[in-house]
Each structure stands twice: as structure tokens, then as C-alpha cells.
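Asker: Following this message is one structure expressed as C-alpha cells.
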Amino acid sequence: MAARAAGDFPAGTTIAGYRIERELGRGAMAVVCRAIQLNLERPVALKILTGDLAKNDEFVARFFNEARAAAQLSHPNIVQAYDAGVADGNIHYFAMEYVEGETLLTRILREGFLRPSVGLWIALDIGDALDYGWQTQRLTHGDIKPENIMLNSSGQTKLADFGLAKVAGHDYEGSEIMLTPLYAAPELIRGHRPKEDCRADIYSFGATVYHMFAGVPPFPGDDAKVVMKRHLNEPLTPLEERNPAISKSISDFVSHLLEKNPDDRPADWQEVKRKLKLLEQGLKVAKKLKHFKGGPVAQPILLKPPRPAGAASTNAGTTKSRATGTARRRNTTIMIMSGVAAVLFALLLFLAWQIVMPSGREPRPADTAALDVAQAEWDELSLKLARIKNPAECVDLLKAYAAKYDAVPAEYRERLDQYEQALKWRRTAEAVQQEQVKDTSPVPVEKPKAVQPRPTETKTKPKPSAPVKAQPPPSPPEKVQAVAVEERPAKSEEGVAKSAGSPPADVARQDDYVDYIAELSRLKYSPVRNLVPLIQKGMQWLEKYPEDTSENQMVSFVVKTMLPAVGEFQPRLVQKKDKLRGERLPGRLVKDDDRIKDVTASEILFEKRTEYGGMTSRRVPWSALDDPLYFTYLGKLAFGDASVPVDQQRPYLAVLLLCRAFQGFDAGLAAVSDSPERRMWGALRNDLERNVEEAKALVSWRQAQACLSRKEYMRADRLIAELKSGRTGVAARHSEEIIKLGEQCESYLPARQAADLVQQARDKSGDDPSAALVLLGIASTRYGNMDFPNKSDISGLLAKAVAEYSKNPQLESWLSSSPASFTPFANTVRSPGPGFWLAYAEAIAARADLPPRFQPAVGSLRGLGLLDLGEWRGALTLLATDKDLAVEKLPADLGASIWFGRGMVAERFGTNLVSPASVVGGIRGAFTTQKGASQAYPAVATAALLFDYGLLTDVSDIDVGEGLALGEVLKIECPPAYLPHKKRLLFAALSWMIESGRSNEAATALLNLTPGEGGVLSDCFTSEDTAFVKGIASYLANGTGLVIPERGVEEVVREYYYRLLISAAESGREGSRPLDGVLLDQAMAVGDGTLVTSGIGMIGASVCYDLVLLRVSRHMAAHEAELALDVVQRALNVRTEPALNAYYPVFCFLQAGLQALTGQNGQAAETLERLAGSFVANDVELALATSLRPDADSAKLRAKVKGDRMARFWLAWLQSTSRIGGDESAAGVEKAMEQLSEQSVSREQKRLTEGLRAFCSSRR
């Protein structure tokens, strides 16, 4: 069927349930009509496509896709999309919210251009709407222009055609991209529409803002092609040149929006909004200070000294003499304070001038400044008068203005005459009305006086909506077609802000008022609902705050008028049943052919005609009506008579508010004559609508405070950010507290901590490059997956620190030797400090005489340097890049180190870079090569590296010592520098034997290798060392005989010494428990003892991990959960040991579990959130970081950790502690403990489980 032309729809035509009333506008693509949606009886704007476009399948598909997307948007500054479809006759339509008002273009054409304060307000509203569409749906508007921006009758800004503008209502089609030339971005003109990019919209937004302030578009013209060429090629005329009243800061901002290259524009709407808010704040400061141009700033303040007693007037002759001293002190104080005020105002004025003063203009003399003040106040007064419906207030304001200034504008007299005539008519009408209602119940709230607000209130900043031209006097009520809902004097952002002198009681009252209105807003109307509790709460509110304030008036109105009227709604419907008979009731409970037969106090009786001509009926109780639509529809039928007095309209108005049917309420209130009660109804409607954001902000504020008290700093910071971004009264009056709260949170936020680490590294990069590299490694490892301010500086600082490290004397001496002799993890001597190997790798790479066979390994050597620095992700990248490197062709030391590094990153990240068998085989091959060399002693360190790998990874199924004759290796003659590595090899080999279940073999090896006269270890063992080794052998055999050396242990083997002690403790021998005490006495606390302050390696980090678990389990058994948490926190706070980075995820799991166990669920969630922002966590650990979320999928998590023994334990730990912390029953706790016990494998895990069980028992 052919589509009808867009103009074939006269008034009365019905399309898909919409009855057309009149045409609103017409374009090449569509016609827009005002229509009534019949089933809801509400006005809509109905857009109907032209017949040609309706035949274009591609266009129609885009039309409906965009319509569906637009329908998902719900924002106060976006015209709401209602419906889209195809009606009979192939008519494509789109229904949207009808906005009563004018377009921004109409406003500009009428006024010439907009003042900065008005324009910035509109720009902020539209920017907020565009940001909402971009953030929620990734929608771009595509046709931002003044015609698509509506200003409704109450001053609200609405953006039209959001999500639809790209396919409808355009003036030019030069390609598949459709646009409006006057506001089109250059890239769109060239035919590009980049995906996931909103900067074309930002350009159109800038062109619209330019038009607002200049009165013309940036490149005006009638020829579309000429205009588009100007957009592409012509430089922009700065806004300040078009309109000198515009400040340079605003002009520069608009020029930034209109940059021809998208990369030079703001990146997103968040950046645009931030700048707009700064401009708006600067304008507010300038306005406040402008009043002082001709006063304390322009000239000095001269205060007369106190008059001598003898010079007093005759009236003062009876004043007592002591008053003179008091007056003198008072005036002296005034002089001092005035002088201070003058200086402060001068300083503030200078700052404001720097922000908003238009370029090229100097501050004018005081007399000209006074005229500026008068004109600015007149402009504000004109806006205010346009919003005030009470002529008495208008007359008072006009007279107050004339009394303040000698000269008044020419239109002043005309404006005053108009409002005086209106006031005369108003008083006459009120007198007549008063006579008519003498016998009715009195209005509970008195008419507000048309005077200045009470001291506890401040004036509202008017939202720009009406023109500043002179307004005609208000029409009599009987001639009014649509009356805008009026507001009582409300508090602006400035008024509600908590100033230094604002008493806390005012803030508490305003917050409690928001709470009460929120509870009223949540109340959904039902005829059977009990309203007494809400009335009682209102009475309690009035008792608590008896002062005569606007909030007191409104609560009193709700309690005494509104809520009682709600209770009258159903009885009134019963009284008006004659108006309801024969009507149908829309909704799912009632069929189309059901008609109301009767209405009683308990039910509604429906009847319908059967197919045989008879009648059937059914009864629907009031309690079954669960949709607000039923009550609004019934109310309109019963009360929708314009002649009904306001006291008889109360039930209908009250129910409309409870059903949040604001459009129906506005229509009902428009038919009511102006009166104090009418204004209270209008004010209540506005408060209910505003309360959505206010109540949300108040909840956020209280939650932020609670989060801070619970040390949930990240969530508190997010709530604070929400409060700061919203323009609510709650945020304004708590602004100082919000700022302080943010400051308290800041130092605990991951982004701030990361930024501080980078800054500390910057400070140390010159003097202490080793410390700088460690700090950079921690910042990159623990915070690399999140954004923070100076994140981009890390690579540059890393290079700088490495360059500084290259000046190390030891590095220079090493470089003079063969580079193959010194490699990470198998080095002959210990490196001078963290980061040394990275600097060494860079220095090696820079050598001109680097051997050819060494050159391919430079990347891997850098990777080993990063691994030594704890930067595991970077190491993985470099080592994986060189995965095809022929390691066997490299020097044996370097080859062994590369195999070790590959094996470690593969173990951590679960990659297929290399298999454990390949790693063991590669290191063993390097050992074999070295053992057969003329100088075999490097084989000692390589053999130790083989056992290091076995201790650090889960390779229990591989015999890393296979084919390695330990006794023979230890007999190798070594230079003095290598002798400590014999101990290292022995301790590592014994630890691995014990942990592999070969305790007897280890004991035998120890006894066979015990140093004696000329023994294999006599060259490096002291008598104390010999006693220690014998004691270990005895301890493994029977659990006794352990002797701990009293002197310190060599630095090279200290961590291996502790590893052996822990391995012995894990042997499970009877009597091994006392060894725990030995470990605790020697190691002390992590971070405080000697172990972690001397540059530990990977083995030392594993020891720290075991000791942390050991101490935590002891504290748990003693029911000392806070001390257990302190141990973990101290481990996380270590900032000097890069090797501990690998244990960051498990420390986070341990901490989160303890926090959940003690009811600190918010902190537990934030701990895991921090982990999710790190680079060191692998995929399994990142999955575990989600385990405490409400939406966590336990089945998927169990599948994820199925092949990882360690991950299975930590998943069980997190789930068990969370359940136990939730105060489950004894059976539930036992089930959780069984689940954890099943996954406990290592000795430390088992002890931690035992400690948790003891904790649960003592708590019960």
C-alpha cells in the first residue's frame, strides 16, 4: 500500500491510537503534529515521515533502530520517546513527549543573543543530556542545533530527536551521512562518521553554543555547499569579536569545541561538562564581585572616627559617658574589618577578572561600573519578573530597584504600570473569591507575603526560560488556557550551601525535609492504604522543627491538607458514580467491552453485553487495582471539570501526585484559580519531582559517610564524585563536608597511591635509582591495570633511572669482564640492589663489542631484569617474544637464567611459553655443560637454580635432582666468592627433598655430607654451621636435636636458611610444632625483621609468604583477628622488596577473607577490586577477585580453578570466610570448614584452616 503524503492528516485524524490536533512544524523529511494519545489521554508530539522516505527500506530500518535506542533514554533534559511504528496506510510515525514552550532558535531570534549566565545554563543541561546518551547507549545525536533544543514553559531545557536526528529532519543530504550544514562537523562533511566517537556531536554543540552567544552560526549562509566549504577551510571568527560582551575564557572554550581536527577538540562530554562548570562558577564569582566595583575596590573606605562626647548632638546628651569607649572600640573594629574586607574583595575581584574579563578591555571607572551594576541587576530582575506570577511581588521588586538606583531603564515605567494594573485586578478577584469561600474549611497554609524572604531562606537562582522583555499583565484565570505550575520561593545552590555562619540545625531541617518528601514520593496510592503513619511522621517533623520556614509550611500542608485529601478520593468517586457509569477502565484487569455499572465503597461493578444480547457482570475490589493508571483515569472522569473549586479538586490533585502523573496534575491545576493553596499544590508538585535527585543525593551523602567510617574508601570516593557532579541542594549545603570527606579518602585510593609511588620514584631517580626502579615496578605491577594521573610518566622515569644506574662503579667493572659470566638468578655475587639486572641488561645491549651469539638474547636479558624487579607482565612480554630463541647456543649461565625466567612467568600466568619439563631439562643441560668445563665452579650456582625452580613451582611430578650427584657437585673447588653458593645449593636441595616427601633421603644426605676434617663442605662451613646441619638431620629423624646458629647467616644464604627451617617444619615429624616458635622468634614480623630488609630474592619472598600464613594462623587460633589483619597489611605495605610482588594476589585473598570473616564485607570487596586493577594477577586470580560479588557464578569459578591446586584453596578460603562472617548456623559453619579442609594441601594451608576452625569455635 502506498504511503500517504505527510500533509494528508488534518485535525481529528487518528493514527495508531493518536488523534491529531494541529500541525506544529514541517520539513523535507517529516511533519510534526500535536496529538493526543487516546488510551492515556496525554499530549504527544507525533512525527510522521514523508511518503518518499517511507518507501526507502534502508531509511526505514535506520528509523526504527534509532527510535528503539532513543526509547531507552530517560533523562530530564531529553525529550522522552514514547512509541514508533507503522500504521495502516504504510504511515511511519514516531511519538514523543510534547513540550509546551519554544525552541532555542526562536529564543535567539527574539532576543538577538543570550546572556552568558543563561547560555551556560542551557549548555550544561544539553551537555548533560548528550553525555547521558553517550555513556549509557553510546548514542550520538547527529543533528545538534537550536531547532532541536526546546525551552518549556517552566524553564526546563529539553533536547529533541536524540537518537533519531541522524535519520530525520535534516536539510541537506550530500552522501549517506545526513547533516545540517550550519552546524555540521568537518569530518561529517567529508563523509566520515567514526564509530565510537562523539566529537562530531561536540563540534555541532559548539556551533550551537556559538549561535546562542553570537546571534548567528559560526559560518552563516544560505547556500549549503558554501557553508560546508567554510566549515572545512575558513578560520573561525572568535566569539568575543562577534559579541564583545562575551569573556575570552568562554570564547576560547567555544573555539576549542569548534576545532576542525577532531583530535584537537575535547575527548568526550565529561571534559566538556567540567569546563562548562568552571565557566559557570567563574561567572558566579564575577557577578558577586561586580557590585563592589564602585565601592571598596575602586576607592578607599573612609570611616569617621568616634565623635567626642562633647560634640554629641542634643539627643545624645543623656547618653552615659561609658558609651563613648564602647563606641570607640566598636568603630575601631569596624575600620579594621572593613580594611580586611576591602583587601579580600580586591583580591577576589582580580581573580574573577582573570577568569571572565573579556580580552582587550580594561576595568572601567567607578561611575561606569555603577551603571554596569545597575544594568546587570535589571537584567536579572527582568528574568525574575518573567517567572513570578504574583503581581504584588513584582511591584515590590520594581520599587525596590528604583529606590536603589537614581537612573532606571526606559521600560521601567511601562513595566511598573502593567504590574500595578494586574495587582489591582488580582485584589478585586481575591475579594470576590473570599466572599465565596467564607463558609468552607479554611486553607491550612496562609498566603506567603510578597516581601523579602525570611532570614533562614535565600532566593532561588532563576533557571533561564522566559524572555527578558517586558511582560504583559497576567490574564484573568477564566481566560487562561495553560497555567505553568508555580514554585514557592525555593533555595538556590547558593542558598542551600552551608556557609560559615549557617547553623547545623538548618542543614538538618533541610535534610529531614528531603527524607519526608522522599517517603511521600514512595507512597503509591491505594484505597486500602493506611496513611496514619505518614501523617504521624509529619506531625513529629513539625514538632522537631516548629520554626516558620518554607519546609515547615509544606509539611504542614501535606499533613493537614494533602494526605487527608487522599483519604477522600475513594468516597468522592463513590459520590460521583453517575459520572463513571458507562465508562470503560483501561488496563489489564478490564476487557475492552467492560463498562462501569456501579461504584461502591468496596468494589467496582462492571458489565458487558454477551453475544446473545444479554448482560454479564463481574466485581473488582478496590484492592485489586494495582496500577496508578486506574485511579488517574477515574479521577479525570470524576473531577475533570474546570468549574470545580480548588477545595473539591484536592482529592484528585493529591492522588495525581501520589501516582506521579505530573502532566495530568499540571492540567488539573491549570484550571484552578490562583490562590495561596494553588501555589502550595504547585510547590509540592515541584518538590516531589526534584526530590528524586535530592533523595538520591542525600542517600549517597550518608552512604559516603558510612563508608568512610567503615574504611571503604573507594566506594566513598565514588559516592563523593557522584555528589560533586550533580547540581543538588544536598551537595551544595554539604559542600564543605564533602570536600573534607574526599580529602580523608584520597590517600587511601589506589590511583592516589600509584601516583604517589611514581612521584617518589621521580624524586629518587637521580640520587637513588635502585629505589626509584623498585617504586616504579610496584606502581606498574600493583596498579598497572587502572588509570592514575602520572601513569604515562613511568616509561620515561624507568629509562632515566636505568641511565643513572649505569654510572654504578660495580656495573662498570662487570662490563669490563665477559658478559656471559654474570647473569640474573645464577650470578656469582649478589647484585648491589634491586633494578641492577635491568640496568645491566641495558648496558650490555649498548656494547659495541657484544659477541654475536649473545646479541639475540638481549631481549630476554631485559626480561630477566624486569623479572628481578618484580615486573612480571613486562618480563612475560619480552621472554615470550624470544620464545624461539636457541637457548642452547648461548653461554651456559645465561641459558640457565633464561630457562628459569621462562619457567617462572609460565607458572605465574599459565601460558604455553614453555613446559616445566623443558625448563628442568634446559637448566640441567647448562649445568652439565659447566660441570665439564675447565672451571666448573659456575655449575654450583646453576645447580642451585635448578632446585630454586623446583621449590618455587608446582613440579612435584618431576625429579629436578635426577642425575645430579649432590656430593660430587659440592666437591667442586670454588674461589672464595663462590663458597656461599655451596651452602645455597645444599640448603635448596635439602628443602626440595623434604618438600617432595623425601625427608629420610634428606637426613641421610645431611649425615653423609656433614663436614669433617677435609669434608666436602669444610671449605665453607664453620663449626656452628656443622652443628646446624647435624641438628636438621636429627630433627628430620626424630623431631629433636635442632641447633640454631647464634650468629647471623651470610646474606647469600639467609633466605635459603629460613626455607630449610620451614621445609623441616612441614616435614610433619612429631615434635615439629616447637620449630614454629623458632621461626617466629628469628623472623619476627614481616617488614620489621632482618629477612625483608636485605634485598631478598624469590626464595626469600616464598619464606615471607609462609611466615605470614604462619603468624595469621596463630592469631586466628588465639581469636586475634585484628592482629591477623595487621600482619597481612604490613606485608602488603612493604615497598622495598620487588620479589614480594608475585605474592600480592594471595596476600589480597588472605586479607579479603579475614575482612569478610570479621564482617567488613565492604573492605573485602575493595581489597579484591584493588587486585583486579593490578598487572601481576593472572587470569585465574582475576576470576577469584570476583568471588565475593553478589553476582558471582560459583560453578564457573570452580571450573576456572579446577586444575590449579593453589587457586582451589584460595577460592575455598574466600567462600568459607564469607559464609562464616555472615553468621551462619553451626551446621553452615561446619560445612564451610569441611570445604576449606578438602582444599588444604600444604602445611601452611592446613594450619590456616586449623586457626580458622579454632576462631569459629571460640566465637560460638
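Asker: Among the residues of region 1134-1157, which ones are more than 18 Å from LEU1109 (Cβ to Cβ) and either modelled with pLDDT of 95 or more or outside any helix (DSSP H, G or I) (or both)?
Answerer: ARG1135, THR1136
Asker: Whether any residue in region 895-917 is over 48 Å from the mean Cα position of the chain (by Cα), of a type outside the set (Ser, Thr, Tyr), farther than 24 Å from GLY865 by Cβ and surrounded by 19 or more Cβ atoms within 10 Å (Cβ to Cβ) is what I want to check.
Answerer: Taking every residue of region 895-917 in turn, none turns out to be over 48 Å from the mean Cα position of the chain (by Cα), of a type outside the set (Ser, Thr, Tyr), farther than 24 Å from GLY865 by Cβ and surrounded by 19 or more Cβ atoms within 10 Å (Cβ to Cβ).
Asker: Report, by residue number, each residue of region 589-644 that is of a type in the set (Phe, Trp, Tyr) and either under 50 Å from the mean Cα position of the chain (by Cα) or crowded, with 17+ Cβ neighbours inside 10 Å (or both).
Answerer: PHE606, TRP622, TYR630, PHE631, TYR633, PHE639
Asker: Another question, then. When the residues of region 686-698 are filtered to those that are under 27 Å from LEU276 (Cβ atoms) and of a type outside the set (Asp, Glu), which remaining residue is surrounded by the fewest Cβ atoms within 10 Å (Cβ to Cβ)?
Answerer: VAL692
Asker: Still on this structure, please answer the following. Just name the residue that is surrounded by the most Cβ atoms within 10 Å (Cβ to Cβ) out of those in region 699-739 that are part of a helix (DSSP H, G or I) and of a type in the set (S, T, N, Q). Steps first, answer last, please.
Answerer: Going through region 699-739, the residues part of a helix (DSSP H, G or I) turn out to be 699-709, 713-725, 729-733, 735-739.
The next check asks that each one be of a type in the set (S, T, N, Q); those that pass are 700, 703, 705, 709, 725, 735.
Details: SER700: 22, GLN703: 16, GLN705: 16, SER709: 9, SER725: 15, SER735: 17.
Applying the filter and picking the extreme gives SER700.
Asker: If a residue counts only when it is outside the structural domain of LYS524 (by TED's automatic domain parsing), which helices (runs of 4 or more DSSP H) contained entirely in region 607-697 have at least 2 such residues?
Answerer: none
Asker: Among the residues of region 1170-1197, write down those that are farther than 25 Å from PHE1255 by Cβ and in contact with a Lys or Arg (Cβ under 9 Å, 6 or more places away or on another chain).
Answerer: Within region 1170-1197, GLY1173, SER1174, PHE1175, VAL1176, ASN1178, ASP1179, VAL1180, ALA1183 meet the criteria.
Asker: Additional query: Considering each residue of region 926-974, count those that are of a type in the set (D, E, K, R) and buried (at least 21 other Cβ atoms within 10 Å of the Cβ), and give that number.
Answerer: 1
Asker: Find all pairs meeting these conditions: Cβ atoms under 7 angstrom apart; at least six residues apart or on different chains; first residue within region 1-24 and over 17 Å from THR50 (Cα atoms) and at pLDDT 90 or above; second residue of a type in the set (S, T, N, Q) and outside any strand (DSSP E or B).
Answerer: GLY17/ASN39
Asker: Here is a follow-up. Among the candidates GLY155, GLY169, which residue alone is at pLDDT below 90, among the small types (Gly, Ala, Ser), touching a Ser or Thr at 6+ places or on another chain (Cβ under 8 Å) and at positive phi?
Answerer: Details: GLY169 fails: touching a Ser or Thr at 6+ places or on another chain (Cβ under 8 Å).
Criteria check complete, one pass: GLY155.
Asker: A further question follows. Would it be correct to say that ALA1164 is more than 33 Å from the chain's Cα centre (by Cα), hydrophobic (A, V, I, L, M, F, W, C) and at negative phi? Show your work before the answer.
Answerer: Numbers: more than 33 Å from the chain's Cα centre (by Cα): no; hydrophobic (A, V, I, L, M, F, W, C): yes; at negative phi: yes.
Spelling it out, it is not the case that ALA1164 is more than 33 Å from the chain's Cα centre (by Cα), hydrophobic (A, V, I, L, M, F, W, C) and at negative phi.
Asker: Still on this structure: Give all pairs with beta carbons closer than 7 Å in which a residue from region 1225-1252 that is on the phi > 0 side of the Ramachandran plot meets a residue that is among the hydrophobic types (A, V, I, L, M, F, W, C) and part of a helix (DSSP H, G or I); count only pairs at least 6 apart in sequence or on separate chains.
Answerer: none
Asker: Which numbered condition in (1) outside any loop (DSSP other than H, G, I, E, B); (2) touching a helix residue (DSSP H, G or I) at 6+ places or on another chain (Cβ under 6 Å) is the only one that ALA1177 fails?
Answerer: So the condition that ALA1177 fails would be (1).
Asker: Kindly indicate whether LEU797 is crowded, with 17+ Cβ neighbours inside 10 Å, assigned to a helix (DSSP H, G or I) and touching a residue at least 24 places away in the same chain (Cβ under 8 Å).
Answerer: On the way: crowded, with 17+ Cβ neighbours inside 10 Å: yes; assigned to a helix (DSSP H, G or I): yes; touching a residue at least 24 places away in the same chain (Cβ under 8 Å): yes.
Answer is yes for this residue.
Asker: Something else: May I ask you to list the residues in region 883-894 that are of a type outside the set (D, E, K, R) and either outside any helix (DSSP H, G or I) or assigned by TED's automatic domain parsing to the domain that holds THR1136 (or both)?
Answerer: Hits for region 883-894 are LEU885, ALA886, LEU890, PRO891.
Asker: Of the residues that sit in region 864-882 and are assigned to a loop (DSSP other than H, G, I, E, B) and of a type in the set (Asp, Glu), which one is surrounded by the fewest Cβ atoms within 10 Å (Cβ to Cβ)?
Answerer: Among those that are assigned to a loop (DSSP other than H, G, I, E, B) and of a type in the set (Asp, Glu), it is ASP882.
Asker: Let me ask something else. Here's a check for you: in region 536-565, which residue that is in a helix (DSSP H, G or I), β-branched (Val, Ile, Thr) and touching a residue at least 40 places away in the same chain (Cβ under 8 Å) is farthest from ASP506 (Cα to Cα)?
Answerer: Ranking the candidates gives THR561 first.
Asker: What are the residue pairs meeting all of these: first residue in region 659-676, first residue farther than 19 Å from PHE569 by Cβ, second residue charged (D, E, K, R) and at pLDDT below 90, Cβ atoms under 7 Å, and 6 or more apart or on different chains?
Answerer: Sorted first by the residue in region 659-676, then by its partner, the pairs are ASP674/LYS389; PRO676/GLU446; PRO676/LYS447.
Asker: Could you list, in sequence order, all residues of region 1239-1260 that are over 40 Å from the mean Cα position of the chain (by Cα) and either closer than 14 Å to LEU1154 by Cβ or assigned to a helix (DSSP H, G or I) (or both)?
Answerer: Scanning region 1239-1260 gives ARG1243, LYS1246, ARG1247, GLU1250, ALA1254, SER1257, SER1258.
The values are calculated or read from the model by the stated rules, or taken from the named source; none is laboratory data. The structure presented is a predicted model; accordingly, all values stated were derived computationally and were not measured. Neighbour counts are summed over all protein chains in view; Cβ atoms, including those assigned to glycine, are modelled from backbone coordinates with ideal geometry.
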